[in-house]
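The values are calculated or read from the model by the stated rules, or taken from the named source; none is laboratory data. This structure is a prediction, so every number in the text was calculated from the model and none was measured. All Cβ positions, even for glycine, are placed from backbone atoms using ideal geometry, and neighbour counts span all protein chains on display.
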């Protein structure tokens with residue numbers, strides 16, 4: 001009996017010590033987040049941690065909306081943005097398990113009208129290619145087609161045929177949202193169920209993600225959601241509304257909370273199993289976490305980035321939309337997972353992710369918040385430096401070659417669509433027709449180049465260069481927005497059509 005007593009006592013003591021150690025880690029993390037909230041002027045933030053198939057931390061910080069001051073909690077809905085991509089590949093994985101599709105099937109088998117710029121690539125591109133960012137397109141190529149535009153998903157996918165490749169097929173990484181939308185479009189072809197309903201039936205429902213939705217309107221109806229914010233000249237303010245990603249929904253339109261995302265993390269760490277349900281097979285789990293496309297020291301799998309962090313294999317994906325940054329990270333060998341959601345665009349998410357991981361793998365954590373603040377400052381300084389460079393090379397005391405009304409008219413880019421230039425209050429005014437929020441006054445820079453400060457300051461200053469023919473008639477324009485990382489305006493070539 002004495003032996004049994006001492007054995008039981010030793011086991012209880014061991015687990016108590018483990019519990020105290022974990023509590024110490026969580027308190028350390030909590031304190032660090034609260035300090036970082038002040039450094040970044042972060043309005044709202046939420047974090048949840050899974051360890052050994054249990055939720056060990058789930059908490060909200062700050063406010064959903066600085067105007068209402070309602071607090072963020074573990075159930076507050078945020079846009080998870082591109083963290084949705086792993087849901088899309090998991091949905092496709094279930095179809096592979098059921099024999100409905102194969103990863104290496106050609107896309108035109110399911111989407112006969114789908115086209116890429118090159119006819120050979122159109123014939124050869126596979127389902128796997130769509131979701132591994134190796135199509136030959138440049139990172140973010142074509143994103144200008146969907147964010148804030150009036151095009152529907154079918155029209156956006158149709159227009160992808162005009163996107164010129166930046167590299168040869170399967171030779172280079174180029175992050176793509178439109179091709180993820182095309183991948184999600186395969187689901188209704190083989191199931192008669194759209195991407196959104198398929199996710200709700202096969203993931204949200206069995207995982208108990210009852211508040212998670214795929215549209216902004218559904219999120220608003222649910223209540224307790226975070227509103228997007230921006231920091232302008234060190235002042236925190238809100239966007240006018242959400243910028244939607246629903247026209248390329250499979251690339252990033254899920255809205256969820258850290259509490260519900262913990263079940264998604266548990267499903268991933270258990271290789272497709274949740275409770276007694278095997279939602280996708282272990283074979284498909286391995287397939288999604290297998291290196292598919294190389295990017296320097298990182299690889300991309302099927303909906304996941306794969307890298308090593310502090311000696312541990314890290315499976316993760318981040319997401320970003322105007323006013324929202326998210327991250328989901330897994331360390332399978334530690335049975336550890338982490339989700340972070342925020343309602344402002346800063347480097348705080350990366351800082352907290354790295355700090356939490358190092359705490360949980362028992363490594364003395366770096367002051368990642370300090371590092372990311374410094375990097376963020378360098379980023380802002382880089383933007384200012386580019387604006388100054390442009391001002392320094394400006395040729396002073398020049399005038400436009402023609403009267404301003406000669407620059408007015410309707411212009412069209414084959415891939416994107418139309419833009420209009422008109423006179424308003426004696427100034428040229430530009431309006432991108434498919435994207436109502438892409439508009440602003442043109443101010444003379446030098447010769448036939450103007451700069452545009454957009455009405456919505458999500459976009460940074462751009463430069464518009466008009467070209468003329470030998471008859472001194474404006475024939476078109478090109479545009480650069482150098483500090484805008486998410487849009488490639490230089491892939492547009494507008495020709496005057498009216």
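A few notes on this one:
- Residue match in the range 390-406 (condition: in a strand (DSSP E or B) and either out of contact with any strand residue (DSSP E or B) (no Cβ under 7 Å at 6 or more places or on another chain) or on the phi < 0 side of the Ramachandran plot (or both)): no
- Of all residues making up the range 172-212, the number that are farther than 27 Å from residue 275 by Cα and either under 19 Å from the mean Cα position of the chain (by Cα) or not in a helix (DSSP H, G or I) (or both): 14
- In the range 346-375, the residues that are surrounded by fewer than 17 Cβ atoms within 10 Å (Cβ to Cβ) and either outside the structural domain of residue 42 (by TED's automatic domain parsing) or under 25 Å from the mean Cα position of the chain (by Cα) (or both): 370, 371, 374, 375
- Subset of the range 27-41 [under 17 Å from residue 338 (Cβ atoms) and buried (at least 17 other Cβ atoms within 10 Å of the Cβ)]: 29, 32, 33, 36
- Number of the exception - residue 280 against (1) under 23 Å from residue 46 (Cα atoms); (2) part of a loop (DSSP other than H, G, I, E, B): (1)
- Test: residue in the range 137-149 that is in contact (Cβ under 8 Å) with a residue 24 or more places away in the chain, over 26 Å from residue 323 (Cα atoms), touching a helix residue (DSSP H, G or I) at 6+ places or on another chain (Cβ under 9 Å) and not in a loop (DSSP other than H, G, I, E, B): no
- Pick from the range 449-472, criterion assigned to a strand (DSSP E or B) and under 23 Å from the mean Cα position of the chain (by Cα), ranking: surrounded by the most Cβ atoms within 10 Å (Cβ to Cβ): 462
- Of all residues making up the range 76-111, the number that are in a helix (DSSP H, G or I), within 26 Å of residue 166 (Cβ to Cβ) and in contact (Cβ under 8 Å) with a residue 40 or more places away in the chain: 10
- Being at pLDDT below 95 and either assigned by TED's automatic domain parsing to the domain that holds residue 177 or in a strand (DSSP E or B) (or both) is a condition met by no residue of the range 324-335.
- In the range 473-498, residue nearest to the chain's Cα centre (by Cα) [restricted to those that are more than 29 Å from residue 380 (Cα to Cα) and in a loop (DSSP other than H, G, I, E, B)]: 497
- The listed residue being over 17 Å from the mean Cα position of the chain (by Cα), part of a loop (DSSP other than H, G, I, E, B), more than 16 Å from residue 293 (Cβ to Cβ) and touching a residue at least 12 places away in the same chain (Cβ under 8 Å), out of 114, 169: 114
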